[in-house]
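Written out below as structure tokens is the structure these notes cover.
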Amino acid sequence: MRRLVLQMQTSVDGRVASDDGESWQVWGWGDEWPWDESLKRDFNATFATVGCILLSRPMVEQGYLDHWMRMAKVLQADPHGSFARRIGEVEKVVLSDTLTASRWKRTTIARGPLVEAVGALKRAGAGDIICFGGVGFASSLVAAGVVDEYQFYVNPTAVGSGESIFRTTTPLRLLGSTSYDCGIVVSRYTHAGAN
């Protein structure tokens, strides 16, 4: 059975979105990519294990796939740009009960209760399922108990107030943590007591 990996950029005070809407991420997914070489290499290594990308409806409707198809061309000559091409290549699933059809390449719509839909994805195919979405979607996955690994890209900024993906106390176990020259620390967790 494959794993669901929730990858989120966070602030040092654990926020995934700030109340004031100001930009605080070292890389906000634009054309300029100020991560250091080691982080870029490790990010691509993570994407090499991905067999499916799980997306929220708002994220895909706001242009996530269109953006990365464009960035695959922008980063074509960049030795670290393979993750952008991988986004286009792998299976993508959007969880939605409101979309009637997919208009994106290699993208399907999954319907029904969250736990059942994610369970079916975990039982099908190979490679990790990596999840991208906003705070509401991520919080729903956390609350449903379907996340196997959390990958937090902790940016060197405290935002003071904002949203978290956790709504209750959630004991976690550290799997590993790596700091990078650009100031980001990537920390990987699973649930306490998980194998």
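Readers should treat all values here as calculations from the given coordinates under stated rules, not as data from a laboratory. Predicted, not measured: the structure shown is a model, and the values here were computed from it. Cβ coordinates were reconstructed from backbone atoms using ideal geometry, including for glycine residues, and neighbour counts include every protein chain displayed.
Quick rundown of the values:
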{"item": "Value of D in µm² per second that Stokes-Einstein yields for the stretch 1-63, Kirkwood Rh from Cα pairs, at 37 °C (0.692 mPa s)", "result": "230 µm²/s"}
{"item": "15 Å beta-carbon shell around Ser11, net charge (K/R +1, D/E -1)", "result": "-4"}
{"item": "3J(HN,Hα) from dihedral phi, the stretch 40-49, Karplus parametrisation 6.51/-1.76/1.60, rounded to Hz, x for glycine, proline", "result": "4, 4, 5, 4, 5, 5, 4, 5, 5, 8"}
{"item": "Ala158 long-range amide H proximity, modeled H, under 5 Å", "result": "Val12"}
{"item": "Amide H within-cut-off set for Leu95, under 5 Å, with H built and near neighbours excluded", "result": "Leu55, Arg57, Ala110"}
{"item": "Helical mean residue ellipticity (222 nm; -39500 (n - 2.57) per DSSP H run of 4+; nearest 500) of the chain", "result": "-8000 deg cm²/dmol"}
{"item": "Per-residue ³J(HN,Hα) for the stretch 88-105, Karplus 6.51 cos²θ - 1.76 cosθ + 1.60, θ = phi - 60°, Hz, x for Gly and Pro", "result": "x, 7, 7, 4, 10, 10, 10, 7, 6, 9, 9, 6, 9, 7, 8, 10, 10, 5"}
{"item": "Under Karplus coefficients 6.51, -1.76 and 1.60, residue-wise ³J(HN,Hα) of the stretch 134-148 in Hz, glycine/proline x", "result": "x, 4, x, 5, 4, 4, 5, 5, 4, 4, 7, x, 9, 7, 8"}
{"item": "Inverse of mean 1/r across different Cα pairs in the chain, Kirkwood, Å", "result": "17.4 Å"}
{"item": "Most mobile listed residue (Val93, Val154, Val135) in the chain, GNM with C-alpha springs under 10 Å", "result": "Val135"}
